[in-house]
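Worksheet: one structure, shown below.
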Amino acid sequence: MAQNKRQKAEAAGRWAERYACLMLTLKGYKILATRQKLATGELDIVCRKGGLVVIIEVKKRARLDDAKEAVSMQNWVRIGRAADLWLSRHGDLYNADRRYDLFAIAPSLTFCHIRDAWRPDFPLTHG
């Protein structure tokens, strides 16, 4: 039973990430990678808009406000470290300006793209 609930949550998360990619593409972002699993953490979406690399965390919750509050500071730090590692493996992208956004989604397809949702303060990550 717990496995079934986890599988449903995983499927909902994958759907939310695909929806976010569609909306971001319509807004002029170029998707570079999705669902990147690294030793330091996981990146939902890595994209580019102009010269800016944007790391996007996607959260789907029953209420939009809950999705907006779903990423803890500890999670952002983990995402920042994962981004640093991923970008270090992709040449010119590492030195590009970067931003960390949150894409919050509710079941009604209501969404909120929060630009610059977090800024890292550890030395290896550009912000």
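The values are calculated or read from the model by the stated rules, or taken from the named source; none is laboratory data. Treat the numbers as computed from the prediction; the structure is a model and nothing was measured. All Cβ positions, glycine included, derive from the backbone under ideal geometry; neighbour counts span all protein chains shown.
Results, tabulated for the structure shown:
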quantity: Any hit, the stretch 63-75, residues being in contact (Cβ under 8 Å) with a residue 60 or more places away in the chain and either surrounded by 15 or more Cβ atoms within 10 Å (Cβ to Cβ) or charged (D, E, K, R) (or both); calculated: no
quantity: Test: residue in the stretch 51-71 that is part of a helix (DSSP H, G or I) and either of a type in the set (Ser, Thr, Tyr) or touching a Pro at 6+ places or on another chain (Cβ under 9 Å) (or both); calculated: no
quantity: One residue from 98, 78, 119, 89 being under 20 Å from residue 10 (Cβ atoms) and either of a type outside the set (Val, Ile, Thr) or surrounded by fewer than 19 Cβ atoms within 10 Å (Cβ to Cβ) (or both); calculated: 78
quantity: Enumeration of residues in the stretch 72-96 that are touching a Gly at 6+ places or on another chain (Cβ under 7 Å) and not in a loop (DSSP other than H, G, I, E, B); calculated: 78, 79, 81, 82
quantity: In the stretch 16-48, residue surrounded by the fewest Cβ atoms within 10 Å (Cβ to Cβ) [restricted to those that are in a helix (DSSP H, G or I) and among the small types (Gly, Ala, Ser)]; calculated: 16
quantity: Among the candidates 25, 40, 34, residue that is farther than 21 Å from residue 84 by Cα and among the β-branched types (Val, Ile, Thr); calculated: 25
quantity: Members of the stretch 88-104 found to be touching a Phe, Trp or Tyr at 6+ places or on another chain (Cβ under 6 Å) and at pLDDT below 95, listed by number; calculated: 88
quantity: Selection count where residues are exposed (fewer than 14 other Cβ atoms within 10 Å of the Cβ) and in contact with an Asp or Glu (Cβ under 8 Å, 6 or more places away or on another chain), scope the stretch 49-62; calculated: 2
quantity: Residue list for the stretch 76-123, filter: of a type in the set (Asp, Glu) and at positive phi; calculated: 116
